[in-house]
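The values are calculated or read from the model by the stated rules, or taken from the named source; none is laboratory data. For clarity, every value in this text was computed on a predicted model and none was experimentally measured. Note: ideal-geometry Cβ built from the backbone for every residue, glycine included; neighbour counts use all protein chains shown. For the accessible areas, the whole protein counts, side chains as well, though only heavy atoms, and no ligand, DNA or RNA atoms are used. Shrake-Rupley method; radii C 1.70, N 1.55, O 1.52, S 1.80 Å.
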Amino acid sequence: MAIGDQQDVGVEPTISPPSRAEVLAQLERIRLSTEFDAPDRDRKFLAYVIEETLAGRGDRIKAYSIATEVFGRDSSFDPQTDPAVRIEAGRIRRALERYYLVAGRSDPIVIRMPKGAYVPTFESRAEKQRAPFMESGTPPSEAVPVGWHERRRVLLGAAALACGVAGLSAGFVYFSGDDGNAANRPNIPKVIVTPFEDLSGTRQSAMMAQGLTDEVVSNLAKFKEIVPVTGNDRLQTSGDHAYALEGRVRLEGERLRLVVKLVQRSDGAIVWANTYDERLQSGDVIDQQARTAAAVSSAVAEPYGAVFQASAAELRHSVPEGWQAYACTLTYYDHRGDIDPQSRRSAEDCLQRATRQFPTYATAWALLSMSYVDALRNRADPAASPGLLEQAGEAAARAVDLAPVDVRALEAQMLVLFARGEVDAALAVGARALAINPNDSELAGAYGLRLAQSGQWDAGCKLLSDTTERNLGQTGAFEGALASCAYFAGDYVTAERWARLANPHASPADRVLLLAVLGKLGKTDQAQEERKWFEAHAPAFLGDLRQTIAAQLHRPEDQHRLFDGLRAAGVSVPEAEYQQAGTASAIR
């Protein structure tokens, strides 16, 4: 289907063209969507031509100006012999087409880049094309949104296509009756989102119910650890690890109440429920709707969320045939940070088997990479391979190659780059992943910590704090990170409190901070107990402090401050290393 076909995208001529603010808002919506499958250079390309057009400089948009101002090519660029701009423009057109067929099907503004030109066009959808319900005698609480079934067909078809082309980890097994490769896709939980019920029966409440449903579906699709299904489709969704997400919307004046529950399809058990009460303000309705939907999707689908917890509880007892690969991902999260080398190796072996059985399972490749990075960071497993960083890089590259917009794959890539010392590149990947799915607290926490460790303490710690507040189940990692934030802010009392709240079986990399905190607080007896722990569980960890700390803290001044605490705690820090960090800190 071509974007130029008005029947496909529902665009009609309007008297008033969209405003500059509306176009820029639509551009941001497109750029942040996972369905706009384009690399960073094409996102910059699109932003450039839109901004130039809005500024009245559309006549200046040529292949030469794009190549030199967007791609950084020099003045020798010849568009007649170098097709780079034409190739990238074609990718943008295809990415826009995909976006408007899936996530942007109901967006108010349609942006096109006509073939044979680089100047974009902007059109508003006719209001009647965006009516929230069918015109019938059906009560609002029972009505079906206009185009809901068609939208479901397009969404699932596009998702299945993406899974086949990009190797995403979504595993749409039950949609692939004609696909001979279905057996090579792992089972993962399915979440059926039924249209949220409107209890108030007004046009505004009906629009709110539909809007919240659509927003939740859009947000759930960003989490590749589940398969979101729209409508009441019952195709193979009544068995184990299939859930229904149901919601009821009540709107009274400025008060909005959304009651949501997650139901186990096999027995009807309610595994999670929550109520969201909001007071709507004029001009803020759409933003509030988006924030509420984001909270719901995050609580349901992120690692350690409701689906994770319900599935983990079931799979701890027995793992049904065909669910072993998914169980491996749960095992990784469940034993993450465990100081027992055997637990780490068991989770790692499980993920290796999963990647052999399902070589296009991007999530398993990403978590395998992350398990290697964990082992390298903690250095508590004498049996760990000496080539862990190389193995981590290979696994992360495979994950990103299979699923370029999967935030778990990008998170793995970020961690590998940071471990290599390629800090700027790591943070760039983390920022892109966060833009794709800002509601994934697992990713947000990992990115926030690396921001902080790179020296951007204010921004990183703010993100960590916000993430900790909304995270449902992960313990230890976020508290340990906040302990670092407090330590480098000079608040050692708070740092100790956060460090104590972290997992009591925390890894050496996390416990070393507690040792430094105790040194700063002058708690020598407790510091001695911590040193004994290292002697018993990670004897080699404190023997190579310079390399260990440099891998976590980018700035010499931060390394020097941590050395100060460790020396006060009685840790033997070689004078040469201490002075080297101090000298580098002074130079900077």
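Structure data summary
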read-out	value
Some residue of region 74-88 being under 21 Å from Gly116 (Cα atoms), modelled with pLDDT under 80 and touching an Asp or Glu at 6+ places or on another chain (Cβ under 7 Å)	yes
Residues located in region 1-33, provided they are modelled with pLDDT under 75 and of a type outside the set (Gly, Ala, Ser)	Met1, Ile3, Asp5, Gln6, Gln7, Asp8, Val9, Val11, Glu12, Pro13, Thr14, Ile15
Any hit, region 548-560, residues being of a type in the set (D, E, K, R), at pLDDT 75 or above, open to solvent by 10 Å² or more (accessible area, probe 1.4 Å) and closer than 30 Å to Asp340 by Cβ	no
Pairs, first assigned to a loop (DSSP other than H, G, I, E, B) in region 298-322, second open to solvent by 20 Å² or more (accessible area, probe 1.4 Å) and among the aliphatic types (A, V, I, L, M), C-beta under 9 Å, six or more apart	Glu302/Leu472; Tyr304/Leu472; Gly305/Leu472; Gly322/Val173
Lone qualifier among Ala446, Ala459, Ala452, Ala431 - being more than 15 Å from Cys485 (Cα to Cα), modelled with pLDDT of 90 or more and among the hydrophobic types (A, V, I, L, M, F, W, C)	Ala431
Options Ala431, Ala444; residue that is over 18 Å from Val296 (Cα atoms) and either open to solvent by 20 Å² or more (accessible area, probe 1.4 Å) or within 14 Å of the chain's Cα centre (by Cα) (or both)	Ala431
Output for region 305-335, where each listed residue is open to solvent by less than 50 Å² (accessible area, probe 1.4 Å) and touching a Ser or Thr at 6+ places or on another chain (Cβ under 8 Å)	Gly305, Tyr326, Thr329, Leu330, Thr331, Tyr332
Region 247-271, subset in contact with a Lys or Arg (Cβ under 7 Å, 6 or more places away or on another chain) and either of a type outside the set (D, E, K, R) or open to solvent by less than 70 Å² (accessible area, probe 1.4 Å) (or both), residue modelled with the highest pLDDT	Val259
Among (1) in contact with a helix residue (DSSP H, G or I) (Cβ under 7 Å, 6 or more places away or on another chain); (2) modelled with pLDDT of 90 or more; (3) assigned to a helix (DSSP H, G or I), the one test that Thr360 misses	(3)
Region 70-98: number of residues that are farther than 17 Å from Pro120 by Cα and not polar (S, T, N, Q)	10
